[in-house]
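Only the coordinates and a few stated rules stand behind these numbers; no lab work does. Source: prediction; values computed, not measured. Methodologically, a virtual Cβ is constructed for each residue, glycine included, from the backbone with ideal geometry; neighbour enumeration extends over all protein chains shown.
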Amino acid sequence: MSARRSLVWLGLTPEPEKELPAAVAALRAPATGRPPAALVTAERRRVERLVLRGTQRGWLRYLREVTALVVDAAAASPTTDPGPALLAGEVVLDHHHMLIGLPGAAYARTAPQRRALERALAHLRDRTRPAATGHRESRSTV
């Protein structure tokens, strides 16, 4: 490892490496319901390689890919389970918010992703809310 390689990005949060592999595997194989174990393992290995041997640029490239999967899932059929996309989107959005505390331009570079994730997450959350019944709750003025 080069002495010039910055490792400050590794200290942000462990949630992406814990939470993303299974969620991303589910997003890559949405038609199968639960993703095959081999796909989850492959995703976990990819994340592990990025964390152990990668760079911040490579890590952010991976998170940009995850963002695209979340945005695509938000635009998909409303019958698709939004759970994996909600989890992945929230994890990446939290990560991107934390970039503000790091030196460099990563926070500014991820601004378009944050906006896309916020829109996608709002859409996905709307899909998880019960449908309105058309009746308004009456308010008591007591």
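Annotation for segment 77-92 versus segment 37-62: alpha-carbon center distance of 20 Å. For an R0 of 25 angstrom, estimate the FRET efficiency from the Cβ-Cβ distance between Arg127 and Ala29 and round to the nearest 0.05. Once the sixth-power term is evaluated, E becomes 0.80. According to the square roots a ≥ b ≥ c of the eigenvalues of the Cα gyration tensor, what is the shape class of segment 33-118, taking rounded for a/c under 1.5, prolate for a/b larger than b/c otherwise, and oblate for the remainder? Oblate shape, in that a/c is at least 1.5 and b/c is the bigger or equal ratio.
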